[in-house]
Amino acid sequence: MARSSALNDDLALVPWAALAIAFVAWALANMDQSLFGYAIPELMASLNINLNRISFIISASFAFGIIASISIGVLTDSWGPRVTLPLCLAISAVLVGFQAFAPSALIFGALRVASAGFSAALSPITNAMVAGRAPPRLRALLLAVLQCGYPFGWFVASVFAAPIMARAGWRPVFLVAFAVAPLAVVIYFAMSPFARPRPLEAQTGVALSAPLKSVFGRKYRVVTILSALAFLFYGGAAGGSIFYMPAFFHVVRGYSPADAARIVGASYGVGMFGYIAAALVSDRWLTRRDTAVTWVWMGGLAFLATLWLPRSFTADVVAFGVTTFFFYGSSAILIIYLLELFPPELRATAAAVSGSAAISAGFMTFPVIAVLAVDHVGWAEGLSLVIVPALFASGLLLVALPRRTDAERGAPAAA
């Protein structure tokens with residue numbers, strides 16, 4: 001009885017405390033990873049890397065991300081996040097820091113691939129950690145706030161990346177990542193309530209070694225596959241655009257690399273409101289699924305407008321801000337919807353398989369497709385032909401999934 005009470009105390013950790021830890025880790029990881037996107041214009045000149053090689057580095061990064069996300073997601077369901085979260089954050093940060101010293105494109109690419117994989121693995125860890133401790137009435141809001149760590153990380157990085165690159169080039173920017181590794185140690189000690197993982201067999205009868213078998217079992221197989229395909233196309237659209245937007249603003253619009261970073265960073269600051277808005281809309285007016293479809297399709301239209309309409313710096317900031325509000329902001333409601341399709345004891349694995357791994361697969365393939373399209377028909381035309389159809393396909397796949405989750409129906413399994 002005493003052991004059960006202790007476990008309940010652990011699981012009843014104040015949701016806002018779990019959110020704070022997860023948000024800091026997720027924001028720091030994305031701050032580190034965003035440095036690559038901001039540095040692309042100068043990287044191409046400094047290391048003699050063309051756009052095709054950049055696309056290969058991005059694809060290889062997320063190929064490793066698939067392996068890392070699934071492996072560490074399963075381990076998190078077994079061991080608990082206190083071990084896996086700080087470890088992934090520290091390894092990713094150190095690898096990003098060493099990119100500043102890369103003497104060649106090959107070594108830089110290898111460091112980028114390894115760091116991105118461990119960073120991607122933080123997504124299922126943080127999402128499952130927050131979802132598992134959030135009461136149903138707060139789950140959407142808390143997960144939406146957590147997703148803001150992605151644009152917030154990009155925004156924070158742009159604040160120091162733009163002036164550093166303008167004065168000293170791209171290499172010193174990556175040194176900032178070394179400051180993140182000691183913070184991972186602080187996070188480890190802050191996560192002491194997570195030291196004991198939830199006993200999976202005692203809660204559900206599911207074998208401790210078989211969470212993957214469970215998500216692909218008869219009960220969840222269709223949901224797992226359809227949601228994975230939806231995340232694949234969404235991840236493809238994001239991966240085929242997000243890292244190229246600084247280069248797009250530099251090459252097509254003619255802005256300096258620093259100004260291109262400022263546009264993207266400012267837009268991500270605006271885009272954070274899209275994450276929160278999606279959660280509020282799904283709580284009050286639309287279902288999780290319908291909100292996700294609306295945000296994804298509106299994001300596609302906004303992205304199309306960004307490519308073709310703006311003719312000034314301010315217009316570019318506004319247009320890309322609207323794009324981040326819907327397009328990239330839809331990732332919040334997508335992960336909320338996905339997690340509520342599965343029971344608590346399988347959420348880290350489901351988030352890894354159908355979420356992070358599927359998004360990584362999209363990031364792995366679509367950057368190459370986008371570059372091929374850009375090479376053949378131009379920047380605006382190529383991105384329009386690749387990104388917008390992928391978002392439309394993602395929305396159609398979401399329509400094929402249940403309109404309401406168990407949590408929205410009030411079923412106890414998702415509570």
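Residues in region 85-125 that are touching a Pro at 6+ places or on another chain (Cβ under 8 Å) and either acidic (Asp, Glu) or under 30 Å from ILE333 (Cβ atoms) (or both): ILE125 only.
Filtered by the rule that a residue be among the charged types (D, E, K, R) and open to solvent by 10 Å² or more (accessible area, probe 1.4 Å), region 137-183 gives ARG137, ARG167, ARG171.
For region 265-272, the count of residues that are in contact with a Gly (Cβ under 8 Å, 6 or more places away or on another chain), in a helix (DSSP H, G or I), without any contact (Cβ under 8 Å) to a residue 60 or more places away in the chain and of a type outside the set (S, T, N, Q) is at least one. Scanning region 287-346 for residues that are assigned to a loop (DSSP other than H, G, I, E, B) and either touching a residue at least 40 places away in the same chain (Cβ under 8 Å) or open to solvent by less than 20 Å² (accessible area, probe 1.4 Å) (or both) turns up THR287, PRO310, GLY329, LEU341, PHE342, PRO343.
Filtered by the rule that a residue be within 18 Å of VAL96 (Cα to Cα) and assigned to a loop (DSSP other than H, G, I, E, B), region 114-139 gives a lone residue, ALA121.
The values are calculated or read from the model by the stated rules, or taken from the named source; none is laboratory data. Every value quoted in this text rests on a predicted model; they were computed, and no experiment measured them. Positions of Cβ are backbone-derived with ideal geometry, glycine not excepted, and every protein chain shown enters the neighbour counts. Side chains are part of the model used for accessible areas, which takes the heavy atoms of the whole protein and leaves out ligands, DNA and RNA. Shrake-Rupley method; radii C 1.70, N 1.55, O 1.52, S 1.80 Å.
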